[in-house]
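Q: I have a structure I would like to understand better, so I am pasting it below and will then ask my questions one at a time.
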C-alpha cells in the first residue's frame, strides 16, 4: 500500500485543524481558559458567512472581511462582560459558562435556521487540484489553508515574541497581579487576545465550511479536533499546535487508508497514546497551576 498519498493529505488536513486550534491555544496560553464553545463559534461564523453571501451576492472570501471583524468584536465583548468574571483559581466557572454558550448557540442556530447540512462554495477552487510526482493529487484549497495556517502562526509567534503587546501578553500570562501593579490593565490584554482568537475562529469556520458541510451541531466535533491538536502539540504552544494538528491529520488519513470507517477513531487513539506517554505534548511544557 502506498502511504505517501494519505501522509500528504493528512499533513494538509492538519493545516485546517491548526487554524481551529490556534485561537484555542492562544486563549488558554493567555487566560488558562478552555473554551468549550469554540467549535460552535466557528459554526456561527460559517452561518454568518453564508448569510452575508446570500444577502450581498458576494464570494465567501469577501464575506469573511465582514464576518471576521464582527466575530472579533463579539469575542472582545464576551471577554469583557462574561468570560472575565469566570477567571480565577478554579477552571470550573469558565468550563460551565462556555458549555452554556455552546448550548445556546446550537439552539439559536436550530431555531432561526434548520438542521440541514450547509456548505460554502468557492466555485472551481473547491475541486481544483495539482498533480505531484508519483501521481499524487493535492487539492488547491487544502494546500492554501495549510500555507495560511503557517502564515498566521508565524505572525502570532512574531507578535508574542517581538512586540510590546506580545511582551504584555507573556507577562500577564505569567503574573497578572504584578502587571496590574505596573499600570497595565490585564483585562484589556485578555480582551484583545480573545478578539484575535475569535477572528481566527471565523477564518477556520470559513475553511471548514468550504472543505466539508456543517450544521448547528457540528461545533462539538470541531472542538474535539482542535482540543486534541492542542494537547498533542503542548498546551499554550503555537508551533506545537501546528505539529499536533499535523499528527492528528496524518493519523486520521493513514487510519482511513487501512480502515475507511475508522478514520476518526484512529485520530482519537493517537491522542490517547499522547495522553498516556507524553501528557505534556510535543513541546513538553508543563502548565502553570
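Q: Give the distance, in whole Å, between the Cα centre of the range 6-35 and the Cα centre of the range 93-113.
A: The range 6-35 and the range 93-113 have Cα centres spaced 21 Å from each other.
Q: Expressed in nm², what is the orientationally averaged projection area of the convex hull enclosing the Cα positions of the range 1-103?
A: 9.3 nm²
Q: Quick one: grab the alpha carbon gyration tensor of the range 219-275, order the square roots of its eigenvalues as a ≥ b ≥ c, and give me rounded if a/c is under 1.5, else prolate or oblate depending on whether a/b is larger than b/c.
A: Because a/c hits 1.5 or more and a/b exceeds b/c, the range 219-275 counts as prolate.
Q: Another one. If you count, for each residue, the other Cβ atoms within 10 Å and average over each peptide, how do 231-241, 72-82 line up from highest to lowest?
A: Taking the mean over residues of other Cβ atoms within 10 Å, the ranking is 231-241, 72-82.
Q: Right, next: If you find the alpha carbon centre of the range 36-86 and of the range 132-158, how far apart are they in angstrom?
A: 23 Å
Q: Pairing the Cα long axis of helix 4-31 with the longest principal axis of the chain, what angle in degrees results, from 0 to 90 and rounded to the nearest 10?
A: For 4-31 against the chain, the angle is about 10 degrees.
Q: Taking a ≥ b ≥ c as the square roots of the Cα gyration tensor eigenvalues, with a/c under 1.5 meaning rounded and otherwise prolate when a/b beats b/c, else oblate, which class fits the range 34-190?
A: Cα axes put the range 34-190 in the oblate bin.
Q: Hey, could you pull the Cα Rg and Dmax for the chain, both in Å?
A: Cα only, the chain: 18.8, 62 Å (Rg, Dmax).
Q: Let me ask something else about it. Given the convex hull of the Cα atoms of the range 124-273, what is a quarter of its surface area in nm²?
A: Averaging across all directions leaves 11.6 nm² for the Cα convex hull.
Q: For the chain, what relative contact order do you get, as a whole percent, if you take Cα pairs closer than 8 Å and at least 6 residues apart?
A: It rounds to 36 percent for the chain.
Q: Compute the separation of the alpha-carbon centres of the range 191-209 and the range 234-275 and state it in Å as a whole number.
A: 22 Å
Q: Let me ask another. Specify the angular offset, from 0 to 90 degrees and rounded to the nearest 10, of the alpha carbon long axis of helix 238-258 from the longest principal axis of the alpha carbons in the chain.
A: Helix 238-258 sits at roughly 30 degrees to that axis.
Q: Also, I was wondering about something else. For the chain, take the longest principal axis of its alpha carbons; what is the angle in degrees between that and the long axis of helix 38-56, to the nearest 10 within 0 to 90?
A: Around 70 degrees separate the two axes.
Q: Express in % the proportion of alpha carbon pairs of the range 189-289 at distances exceeding 18 Å.
A: When every Cα pair of the range 189-289 is considered, 55 percent fall beyond 18 Å.
Q: Okay, next question. When the C-alpha atoms of the range 150-217 are aligned to their principal axes, what extent does each axis show, in angstrom, from largest down?
A: Each principal axis gives a Cα extent; for the range 150-217 these are 48, 26, 14 Å.
Q: Turning to a different aspect of this structure: Along the principal axes of its C-alpha atoms, what lengths does the range 195-237 span, in descending order and rounded to whole Å?
A: Sorted from largest, the Cα extents of the range 195-237 read 29, 22, 16 Å.
Bear in mind that the values in this text are calculations on the coordinates, not laboratory data. As the structure is a prediction and not an experimental result, all values here were calculated from the model. Because the Cβ atoms are built from the backbone with ideal geometry, glycine has one as well, and the counts that use them run over all protein chains shown.
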